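Encoded as structure tokens, the structure appears first; notes follow it.
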Amino acid sequence: MNPTSDPVLDARARAAEFAAGSNPTRESRPSAMRAYPRTGRLIGRVNARLAGLAAVTAGGLSIVIGVLQFLFPQDEDPAIDPRTRVILAMFTISLWAFAVLFVGLARYARSSWGAVTAATGTVLLTVGTITSAVNGIDLEFFPAVAMLANAMWLVGAIALCVSLVRAKRVSLWLALPIPFLQVPLLFLSQVGGGVPAGTFLLILGGVLLAGRIEGRARRLASR
């Protein structure tokens, strides 16, 4: 009979380990607060590849929009012409891609609320872009929706950036530009601001797709 299968000896061994102060089960289990990439009902659905594809999508569309708006700036006529409707449609898709990207980046942050807030803001903004594209003019509620959506986007992006920097799983040069993307995309859109913003997003997407952020997070978490 194999002595290691004897329940009496097993109980004595466990008692000896307890007396010595060892707890291998607890020590071998990584803390949920320190484990990266983090998991969750929402952020667990967006892996690095999906987040990378979202970043590439948003980046590519932002560059196309930036070029179009630079070459054909919109006049002050409140009526939306067919070309601007196409731009609004592309911008809507990019905003949804931003939401996916933010949720994906939350896997490497200390908390998720900033990413969820920013993602909610970008999705909310699509309510205005879709209705404007369909109706050919900005509806009365658009300014209020846009103000709330942009505020949520900005506050969430800042919180996400801070959380990423504190977690140290994402390089600073990738985390710090995130809160500033609104400036070229919204306020400098008529002068081609989407081009530099889109270029950064393409780089971020490439890093995510290459698995560099995932690998960095796992290496640091294993230390």
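Keeping every protein chain present and rolling a 1.4 Å probe, give me the accessible area per residue for segment 113-179 in Å².
Working: 3090 Å² over 67 residues.
Per residue, segment 113-179 has 46 Å² of solvent-accessible surface.
Report in % the part of the accessible area of segment 89-134 that belongs to carbon and sulfur, leaving out ligands and nucleic acids; probe 1.4 Å.
Values: 1150 of 1410 Å².
For segment 89-134, the apolar C and S fraction of the accessible surface comes to 81 percent.
Where does segment 43-143 land on Rg/Rh, using Cα atoms and the Kirkwood Rh? Write down the numbers at each step before the final one.
Numbers: Rg = 15.2 Å, Rh = 14.5 Å.
Here Rg/Rh amounts to 1.04.
Quick one: Cα convex hull volume of segment 113-152, Å³ per residue? Before the final figure, lay out the partial values.
Numbers: hull volume 1.7 nm³, N = 40.
Spread over its residues, the Cα hull of segment 113-152 gives 42 Å³ apiece.
Quick one: work out Rg over Rh on the C-alpha atoms of segment 85-223, Rh as Kirkwood radius. Provide the component values of the computation, followed by the final result.
On the way: Rg = 15.7 Å, Rh = 15.6 Å.
A ratio of 1.01.
The values are calculated or read from the model by the stated rules, or taken from the named source; none is laboratory data. What you are looking at is a predicted structure, and each value in this text was computed from that prediction instead of being measured. To get the accessible areas, we keep the full protein, side chains included, count just its heavy atoms, and leave off ligands, DNA and RNA. Shrake-Rupley method; radii C 1.70, N 1.55, O 1.52, S 1.80 Å.
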